[in-house]
Amino acid sequence: DQQVKQNSPSLSVQEGRISILNCDYTNSMFDYFLWYKKYPAEGPTFLISISSIKDKNEDGRFTVFLNKSAKHLSLHIVPSQPGDSAVYFCAAPGGTGANNLFFGTGTRLTVIP
Amino acid sequence: DAGITQSPRHKVTETGTPVTLRCHQTENHRYMYWYRQDPGHGLRLIHYSYGVKDTDKGEVSDGYSVSRSKTEDFLLTLESATSSQTSVYFCAIRNNWGNTGELFFGEGSRLTVL
């Protein structure tokens with residue numbers, strides 16, 4: 001049962017435009033969310049996070065928005081650059097023990113020059 | 001970059017053979033994890049460790065075992081590999097406890113079971 005869902009497997013955007021990647025979750029107990037970026041043949045790397053007490057967190061060209069009532073978060077990249085082409089995973093901590101991260105299935109972003 | 005090394009990076013093996021993947025860290029982090037990444041599933045936790053000799057199961061642990069005899073090494077073993085275990089395996093580490101800590105991932109080990 002997927003607790004974190006990314007319903008768009010791929011997204012193509014022109015360079016300079018905005019990229020919006022979406023993520024939905026089912027567990028209302030999640031109180032923190034993370035976005036990871038993954039290039040081919042590399043491990044995922046942390047990109048940006050947001051606490052559930054906030055509705056927005058911004059870091060340079062990257063902004064994450066959280067809508068708790070809709071159990072939805074989105075990652076905005078403005079302006080998009082060809083180097084942003086990667087797979088993006090949203091994740092949320094949960095579970096007992098060592099605080100596992102539940103990952104979505106990922107969205108492959110392609111930024112077209 | 002977090003000091004995480006996975007070996008081997010690529011392996012092809014036959015059904016029924018044992019396979020061990022190694023994760024080595026130089027960060028002295030307490031928590032270590034093994035994930036697998038498959039199309040349509042994202043990353044799923046196999047096993048994790050919260051200290052030397054302290055390990056526990058994740059959500060997809062069947063067919064896998066782990067060992068951690070030293071802080072720096074976390075081994076993932078497939079006792080008898082099956083084709084369903086063809087995947088990319090990622091090791092991750094974390095130092096702090098609590099929900100706000102991020103995981104640092106290794107570069108992955110691609111395993112093909114024929």
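Test each condition in (1) over 28 Å from A:GLY104 (Cβ atoms); (2) basic (Lys, Arg); (3) touching a strand residue (DSSP E or B) at 6+ places or on another chain (Cβ under 8 Å) for B:ARG9 and report the one that comes out false.
Looking at each condition in turn, B:ARG9 falls short on (1).
For the stretch B:4-18, name all the residues that are assigned to a strand (DSSP E or B) and either in contact with an Asp or Glu (Cβ under 9 Å, 6 or more places away or on another chain) or within 11 Å of another protein chain (Cβ to nearest Cβ) (or both). Reasoning before the result, please.
Taking the stretch B:4-18 and keeping what is assigned to a strand (DSSP E or B), we get B:4-7, B:10-13.
Once the filter is applied, which keeps residues that are assigned to a strand (DSSP E or B) and either in contact with an Asp or Glu (Cβ under 9 Å, 6 or more places away or on another chain) or within 11 Å of another protein chain (Cβ to nearest Cβ) (or both), the stretch B:4-18 yields B:ILE4, B:THR5, B:GLN6, B:HIS10.
Going by what's in this entry, would B:LYS53 be described as at positive phi and at pLDDT below 95?
The answer is yes for B:LYS53.
Which fully enclosed strands (runs of 3 or more DSSP E) of the stretch B:25-114 have 3 or more residues being open to solvent by 50 Å² or more (accessible area, probe 1.4 Å)? Step through it out loud before you land on a result.
Working: elements: B:31-38, B:42-51, B:54-57, B:64-70, B:73-78, B:87-94, B:109-113.
Counting at least 3 such residues, we get B:54-57, B:64-70.
Just one of (1) within 13 Å of chain B (Cβ to nearest Cβ); (2) open to solvent by less than 10 Å² (accessible area, probe 1.4 Å) trips up A:GLN3, so point out which.
All conditions are met except number (2).
Can you tell me which residue in the stretch A:6-42 is farthest from A:PHE89 (Cα to Cα), limited to those that are open to solvent by 20 Å² or more (accessible area, probe 1.4 Å), within 14 Å of chain B (Cβ to nearest Cβ) and in a strand (DSSP E or B)?
My answer is A:TYR32.
Give the stretch A:43-64 a look and list any residue that's of a type in the set (Ser, Thr, Tyr) and surrounded by 15 or more Cβ atoms within 10 Å (Cβ to Cβ), or say none.
A:THR45, A:SER49, A:SER52, A:THR63
The values are calculated or read from the model by the stated rules, or taken from the named source; none is laboratory data. What you are looking at is a predicted structure, and each value in this text was computed from that prediction instead of being measured. Ideal geometry is used to build each Cβ from the backbone, glycine not excepted, and the neighbour counts take in all protein chains shown. Note: accessible area is taken over every heavy atom of the protein model, side chains too, but ligands, DNA and RNA are not part of it. Shrake-Rupley method; radii C 1.70, N 1.55, O 1.52, S 1.80 Å.
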